[in-house]
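The structure under discussion appears below in the form of structure tokens.
The values are calculated or read from the model by the stated rules, or taken from the named source; none is laboratory data. Worth saying up front: this structure is predicted, and the values here are computed from it rather than measured. Please note: Cβ atoms are built from the backbone with ideal geometry, for glycine as well, and neighbour counts cover all protein chains shown. Please note that ligands, DNA and RNA were not included when accessible areas were found on the heavy atoms of the full protein model with its side chains. Shrake-Rupley method; radii C 1.70, N 1.55, O 1.52, S 1.80 Å.
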Amino acid sequence: MIIKSPKKLIEVALPLDDINVAAAREKSIRHGHPSTLHLWWARRPLAAARAVLFAQMVNDPGGERGYKAGLTKEQANKKREALFDIIRDLVKWENTNNETVLERARAAIRESWRETCEMNKGKPGFDPDQLPAFHDPFAGGGAIPLEAQRLGLEAHASDLNPVAVLINKAMIEIPPKFAGRPPVGPEIEADKTSKKKSSHDAFEDWSGARGLAEDVRRYGHWMREEAFKRIGHLYPPVEITQAMVDNPANPRPDLQPYVGRKLTVIAWLWARTVKSPNPAYRHVDVPLVSNFMLSTKKGKEAYVEPVVEGDSYRFEVRIGAPDDTEAAKSGTKLSRGANFECIMSRSPIESEHIYSEAKRGRMDTRLMAIVCEGDRSRVYLPPSMEMEEIARKAQPAWQPENLMPNNPRWFSPPLYGLTTYGDLFTPRQLVALNTLSELITEARERVRIDALSVGIHDDGTPLHQGGNGAKAYSDALGLYLAFALDKGANYGSTLCAWHQTRYGIVSTFGRQALPMVWDFAEANPVGNSSGNFYQGALQAAKVVEQMPARSAGYASQQNASEQNLSEGKVISTDPPYYDNIGYADLSDFFYVWLRRSLGDTFPQLLQTISVPKNEELIAAPYRHGGREQAETFFLNGMRRTMQSLCRASEGSTPVTIYYAFRQSETRSDEGTASTGWETFLEAVVGAGFSVTGTWPMRTEYTGNLKKNVSALASSIVLVCRPREATAESISRKDFQRELRSELPEALETMIGG
Ligand SMILES: C[S@@+](CC[C@H](N)C(=O)[O-])C[C@H]1O[C@@H](n2cnc3c(N)ncnc32)[C@H](O)[C@@H]1O
């Protein structure tokens, strides 16, 4: 059956600068952005996802294929400009939920669909009153399915990774199920008297997902209060005394205003230690510190000074700039990697010594400084025996035993004897996470009872069986609260550093890897600053509140190369980039906690002990026994996926595929194109697609991930249609040869040099 498919806007023109500017702006938005619901790596900006989908769905007014005769060139240009205007409005963050703007876009999509149906009258699948559904088989953090839902399509998201599936459930599947319901949880006591509009009568109406969002906030608050009752004693405040001010060894006049007050701790700063390599100091645990500065802000400098006394040492916290700031900034580090200096003997501590100490279980920690909440400023205090003992007293009932992969490129802690995901936490951090995990179970039961008491029906059907009564609602709440716990884990592991200019805790995933951190900051999960649990719940609530919660959405676990969910659906997708990110390995950090808290809520999805790895479509040599095998695995899997998309996708709409691009990729020694790109394009073309358009998108949402060499900065959207049977073909060898000669320059030109 021949399907008439008019050229789509994306195959002709796009207001690219407007899209790229909006996508870049979106990076700085934190409040309510889906990236703050749960971490995912290499997220697409919503602006790009929304614009691409729109332009892929609307017909180009030019009528190049003769399907839309009757318009002069000028008329067509005018109409195209009107579509551009819709895109310009659509991509703005502030219009994310602007119904006027969105409805204009939806109307244009419906109009194009009706035109297409008219051209294909009588053919199955062309019902002018029923838009085709949408599918993203590599949904990840869910930007693309979310935008499809916002534009009025029934959205289907799938991913191999259960963590990604849960993120998509939280964004597109759950909110529409419970849309329009008021919250069931009791109002937070403090809100009843609060004058703040955002807390008291948080919302005037409970349309969309607002009721759900408010419940995330209310039960998140309840959990924090309960957690404080149960484990608050592990996080005591520090009382400031006159003796601290008058300390003859280190007078601290800056503490005078606080004398007699108990200050809440924001972070405990620890240094890892090993036994000194110098035989004379073999009995001393010497610190491995990468930076002694606590604050580098001009006029607010503070630092730690190690003071050696006989054959021991202590840490002093000093206010003001050190004599040698550069030396303080180097800590006890001699050079990059695990190379330090013994503070007792000045002997070098080589990495081999650290490996061997760590492997023998002789790596320990020592408290270096304490950061407290002052009056609109941070107060830096020296460590105390008492504080150290309290931390060491904590005894977790459980810890994740899953092993980290043996892949130092992404995971260096195993080199230092930290082999399991549980080893990445202090006992106190584990106690906090265990407590929160137990509280999620208790919160769910409370939600169920509260929901029943306000009259929500009791069908006893859980969420995973399609329920939408009290039980299912309690399951749904559990998911958002577990996401807040994951945020707590992200800000509460021993891989979190202290940020000397932002005076806060740097999350575990500063980048797409888990590198070793020598001196780490332990947050206060029941306090008020970064890393506290309630903050995570509040952020989740803000995101939920913004969810479209309109047409139905579905998220499921599927291997993209073996699914048939794409059948008859519009496809826009963003596959993994060759060997760039090890999603499955990285996400185990969160999976273990999600499974602990929600194993019975999502029994199928969370049944495996860790995230499934074997079918993950990345070219990971350590998983496939070498580079070549990894490339073959990637090429075959990607080709199978592309074949199924090429065969199954809705016939009148092109498929759009994002592919990330790294500048460094075109600079390999042989002057060839990147293996990633080459292999990927080979899969696309080999699957039977022809590329009818390419668009460089300059920005990719990197959120708070640090810029580093492998950060993905730009990507290219390929617009693909099944190749006509009569099209010419060339051999694989010729294809590769042509790619190698053409691709580097073409990519540079497209990206803008
Ligand atoms: C580039 S990310 C998608 C990011 C997403 N567009 C966003 O904005 O967050 C690629 C996704 O492919 C998933 N993936 C890897 N192998 C897969 C497979 N065989 N089947 C389905 N999904 C897979 C990864 O888990 C990851 O979430």
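Based on alpha-carbon centroids, what's the gap between region 399-459 and region 311-369 in Å, whole number please?
Answer, in whole Å: 32.
Would you kindly give the portion of the calculated P(r) for the chain that falls above 36 Å, as a percent of all Cα pairs?
Beyond 36 Å sits 48 percent of the P(r) for the chain.
Between their Cα atoms, which of K121/K169; K4/K79; K297/K333; K177/K569; K121/K177 are more than 26 Å away from each other?
K121/K169; K121/K177
Mind checking the per residue accessible area of region 238-383 for me, 1.4 Å probe, whole number of Å²?
47
Between N636 and E352, what is the label-to-label distance in nm when each label sits 7 Å out along the Cα-to-Cβ direction?
4.2
How would K329, K8 rank on accessible area, largest to smallest, probe 1.4 Å?
Final ranking, largest accessible area leading: K329, K8.
Counting only DSSP beta bridges with both residues in the chain, tell me the antiparallel percent, nearest 5.
80
Add -39500 (n - 2.57) for each DSSP H run of 4 or more in the chain, then divide by its residues: what number comes out at 222 nm, to the nearest 500 deg cm²/dmol?
Mean residue ellipticity at 222 nm (helix-derived): -11500 deg cm²/dmol.
Per residue, how large is the accessible surface of region 525-623? Use a 1.4 angstrom probe and give square angstrom.
So region 525-623 comes to 32 Å² accessible per residue, rounded to a whole number.
So which lysines can K487 reach, going by Cα to Cα under 17 Å and dropping same-chain residues fewer than 8 places off?
K542
In whole percent, how big is the carbon plus sulfur part of the accessible area of the chain, probe 1.4 Å, protein atoms only?
Taking all protein chains in place, the chain shows 49 percent carbon and sulfur surface.
Which entries of K275/K329; K92/K329; K359/K613 show an alpha-carbon separation above 29 angstrom in the structure shown?
Result: K92/K329 exceed 29 Å.
Please give the charge dipole size of the chain, origin at the Cα centre, charges +1 on K and R Cβ atoms and -1 on D and E Cβ atoms. Round to the nearest 20 debye.
540
Distance check, please: which entries in K27/K300; K229/K300; K262/K300 exceed 32 angstrom between their Cα atoms?
K229/K300
How long, wide and thick is region 34-183, going by the Cα atoms along their three principal axes, in whole angstroms, largest first?
51, 35, 33
Positive end of the charge dipole of the chain (Lys, Arg +1 and Asp, Glu -1 on Cβ, about the Cα centre): tell me which of F689, V101, P6 has its Cα farthest that way.
The residue sitting most towards the positive pole is V101.
Could you tell me the distance between the Cα centroids of region 640-658 and region 62-138, to the nearest Å?
Between the Cα centre of region 640-658 and that of region 62-138, the gap is 19 Å.
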